[in-house]
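One structure is given here, and the rest of the page talks about it.
Where a number appears in this text, it was derived from the coordinates with a stated rule and is not lab data. A quick note: this is a predicted structure, and the numbers were derived from the prediction, not measured. As a convention, Cβ positions derive from the backbone with ideal geometry for all residues, glycine included, and neighbour counts pool all protein chains shown.
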Amino acid sequence: MADEKKDKKTSEGSTDFFLNFMKKRREQEPKKEEPQEKGKRAPLKNTVLDSVYAIIDAINHVIEGILMDDRKSKWLSLVMAAILFITVNGSSITATTERTVEDVPVSIVNLDENYAVTGMPDKVTLKLTGNVVNLQSAVYKGDYSAYIDFNGYSEGTYTMDIKVKGLSGGITAVVSPGSASVTVSPKESRVFALSYKYINEDQKDAKYVLEPPVLSKSEVTVTAGRETLDAIKYVQAVIDVKQVNASFTQKATVKAFDEYNNELTVDVEPATVDVSVSVTSSSQQVPVKVNRVGTMDDSLAIASITPSVTTAMIYGAKENLENVKAIYASVDVSQIYENKEVYGIPIELPSGVNSASIDTINVSIVVENRISKTINDAEIKVLNNTANRKVDFNSVITVSVSGAASKIYALDSSVIQATIDINGLEPGEYEIPVTLKSTDSLLDITLLSEEKVKVKIE
């Protein structure tokens, strides 16, 4: 019922003009008091008006019928919109305008198959001119192309015009650049060693490791102009490893490249080779540690620095993982003055490690006042006494240890590691530098004794 009311309202609204017009017309009609005399014609004015009114009345009935039909009313709206657009914008549709199209490829036509061309531009820019409709149609279809015609040309260097074909509807084109200096030379063939290149490695799960591929060919024959052959730096089988997670085989396209890694246009025989790639996934669990960067206020020290994750899995080639003892995240402590939680610190992967089971960690830092303590009897140990010689020296030194108050109060001299290295030394007297290390990375140790000790080796 509501829809009927809505349709009725729409119809009435759309025909108000015609209904009112007809009502006024009838009100203004003179009353026929006397019948028209036989053989006497009605005035011409009245006859014309009657015809107009009849036409309007007929149109009104037609429009009312259309508006009562939803589908027909939509078509009427479309037609009226089109008429309005053409009426208002007719002049702009036929107006001349310009459109610039960039990166249009340039092709070679009518070149003898025994010759090759160098110096060809890869792409040009076209400035197209024409009316709006034809121009839009041409750009949308993209049937046009740029080319250089080598019909009748043999070996030599020429300045060639770059032409355009495929344009219609009165459209003209200006090509930029409009010409090119090119060299036509006889094709030659050379044999090149075939290597390989993986592409889309960034779209491969980093936990997987690609072994060197096995190629069905070790050499290929490349045919091109002499200048192009001379420019070839390497020829590779291009292997797509996007989203691989297991060993695979594929046909890889063979391409030639210059020293700047630009692909060269050449003929390669064979154009593709079979490749077989082994995919492995080696992993190892390692500690997660925190590196401190920057310098804290001299009056403060870190009592503890605790990562939210203490171990993680790392992935990569087995031989690369073997030497990795830990992975680290670096925290800048220069702006830390109190206990603090630091979030989202990125993990730093060592060389040879492809990925880790974590990307970031959080770190909890406890800050205390800094104090120092002097130790007068820190013991020196001898390293690399492989010949088990007698080593005579003053075996104790004086050091200063500073750090968080709680750590200094509980300090044990065993945290101090003082050493001298006698590796490769023959019997004799030497002055050997003392190396200091702490088993607690949050403590700072300073040598107060001489930096070198006098040593006698027997």
**Study point:** DSSP beta bridge pairing in the range 287-368, given as percent antiparallel to the nearest 5
**Key:** 75 percent
Revision key, fill the gap. Normalised per residue, the volume inside the convex hull of the alpha-carbon atoms of the range 371-457 in Å³ amounts to 83 Å³
Study note, to complete from the structure: Long-range amide H partners of Thr398, meaning residues 5 or more apart or on another chain whose placed amide H is closer than 5 Å, are Leu448, Ser449
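Among Lys255/Lys318; Lys123/Lys197; Lys340/Lys373; Lys141/Lys187; Lys207/Lys407; Lys381/Lys407, which pairs are too far apart, with a Cα-Cα distance over 29 Å?
Violating the 29 Å Cα-Cα cut-off are Lys255/Lys318; Lys141/Lys187; Lys207/Lys407.
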Revision key, fill the gap. Phi angles of the range 417-433, converted by Karplus (6.51 cos²θ - 1.76 cosθ + 1.60, θ = phi - 60°) into ³J(HN,Hα) in whole Hz with x for Gly and Pro, give 10, 10, 9, 10, 10, 10, 4, x, 8, 7, x, x, 10, 9, 10, 10, x
Exercise for review: Would you work out which of Tyr140, Pro121, Asn110 lies farthest towards the positive end of the dipole of the range 96-177, given +1 charges on the beta-carbon of Lys and Arg and -1 on that of Asp and Glu, about the Cα centre?
Suggested key: Tyr140
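Excluding Lys165 itself, calculate the net charge of residues whose Cβ lies under 11 Å from the Cβ of Lys165, where each Lys or Arg counts +1 and each Asp or Glu counts -1.
On the way: positive: Lys163; negative: Asp143, Asp149.
Around Lys165, the charge tally is -1.
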Revision key, fill the gap. Any residue on another chain or 5+ positions along whose placed amide H is under 5 Å from the amide H of Glu188 is listed here as Ala224, Gly225, Arg226
**Study point:** Dipole magnitude of the range 248-385, debye to nearest 20 (Cβ charges: Lys/Arg +1, Asp/Glu -1, about Cα centre)
**Key:** 580 debye
Review point. When the label point is put 7 Å from the Cα of Ser276 along its Cα-to-beta-carbon vector, which residues of the range 193-207 have a backbone N closer than 20 Å?
Key: 194-198
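For Asp444 and Tyr115, compute 0.36 nm times the residue count separating them, minus their Cα-Cα distance, and round to one decimal in nm. Walk me through the numbers before you get to the answer.
Numbers: separation 329, 0.36 × 329 = 118.44 nm, distance 7.51 nm.
Extra length available between Asp444 and Tyr115 comes to 110.9 nm.
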Point to revise | Convex hull of Cα atoms in the range 146-302, direction-averaged projection (nm²) | key: 19.7 nm²
Study note, to complete from the structure: Net charge near Asn134 (other residues with Cβ under 11 Å of its Cβ; Lys, Arg +1; Asp, Glu -1) is +2
**Study point:** Radius 12 Å from Cβ of Ala405, net charge of other residues (Lys, Arg +1; Asp, Glu -1)
**Key:** +2
